[in-house]
C-alpha cells in the first residue's frame, strides 16, 4: 500500500481522539472507523480503533475473532484493564484495536451509581498518554478512533467526553438530517456538561449513489446545513465496501483499487489536513 503515501503528508505528532458517531444506525459508522483507520495507518500514522459497540462489528471487520477478544472495552470501562493491555494488532501495520463484545450490554446498569461513569474512557486515554510519554523510545499512537454505538447511552457519552472532536457519517437517504439534528443537540449538551472543547471535526456523506436524485438532494441539503464541515470526499455506495467485513478485512486490503477504497484514502487526506490546521492554530 505504499502508493497511498503519494501526495499525502503525515500530521504533526500528538494523540488526537475522534469519536465516529451518529445516533442513527446503519449510516456507516463502523465502516468509516475501520477504513479510515486503515488509510491513516497506511500513510504512516499509528492508529488505535476503540470498538465501543456491544455488537463488536469493528472488531470483526478488522479480523479479530470472538475467541481472541480476551481484554475488551468492557474491561477498560469497568477499570479492570488498561488500553495498553487491551490493544491488539490487526492485519494492517500500524493499526491496532481494542475489541468489544456483548459484555458491554450490561455496563450501563453497572455504572449507574458511579459518579465518574461518563469519564471512564477519558481517564483510560489519559493513562495511555502518560504511559506513552514515559516510554520515549516507543512509537506512540497518533490517532484514536472510537466507534460508537447507534444510540445515546453511557458508551456514547464516554466517547464524547474523551474525544477532541466528532466525525459524523451521514447516509444519503431520507431521514439523514433528522438523525444528525439529534446528534447536534447531543454534542451541544456534552459540550455544556462533559467536554467544553468538543467540536465536530467533519461530516462525511456515505452510501452515496450518484445516479439517484435523492442522494444528490440529501447531499446538497447536508452541505447547506453544515457548510465547510462537510468533507469534499463522498463515500460511494459500493458492493466491495459491503463485502469486505465478512472477510475480516478493511476495504483497502480487500480491494485496494475499488472506488470505496480510493474514497477512504481521499477522506484520510482531508482529515489530516484539517488536523494540521487545528494543531497549527
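The values are calculated or read from the model by the stated rules, or taken from the named source; none is laboratory data. Because the structure is a prediction, the values reported are computed rather than measured. No Cβ is skipped: glycine too gets one built from the backbone with ideal geometry, and neighbour counts run over all protein chains shown.
Things to note:
- Which listed residue, of 243, 270, 275, 199, is within 16 Å of the chain's Cα centre (by Cα) and within 26 Å of residue 99 (Cβ to Cβ): 275
- Of residues in region 133-172 being over 24 Å from residue 100 (Cα atoms) and surrounded by fewer than 18 Cβ atoms within 10 Å (Cβ to Cβ), the one nearest to the chain's Cα centre (by Cα): 139
- Qualifying residue in region 183-192 (condition: in contact with a helix residue (DSSP H, G or I) (Cβ under 6 Å, 6 or more places away or on another chain), buried (at least 18 other Cβ atoms within 10 Å of the Cβ), closer than 17 Å to residue 38 by Cβ and at pLDDT 85 or above): no
- Only listed residue being surrounded by fewer than 24 Cβ atoms within 10 Å (Cβ to Cβ), at pLDDT below 95 and within 18 Å of residue 162 (Cβ to Cβ), chosen from 36, 91, 107: 107
- Total residues in region 245-254, condition out of contact with any strand residue (DSSP E or B) (no Cβ under 9 Å at 6 or more places or on another chain) and buried (at least 19 other Cβ atoms within 10 Å of the Cβ): 6
- If you filter region 217-235 down to residues that are touching a residue at least 12 places away in the same chain (Cβ under 8 Å) and outside any strand (DSSP E or B), you find that the one that is surrounded by the fewest Cβ atoms within 10 Å (Cβ to Cβ) is 221.
- Test result for residue 162, touching a strand residue (DSSP E or B) at 6+ places or on another chain (Cβ under 7 Å) and at pLDDT below 90: no
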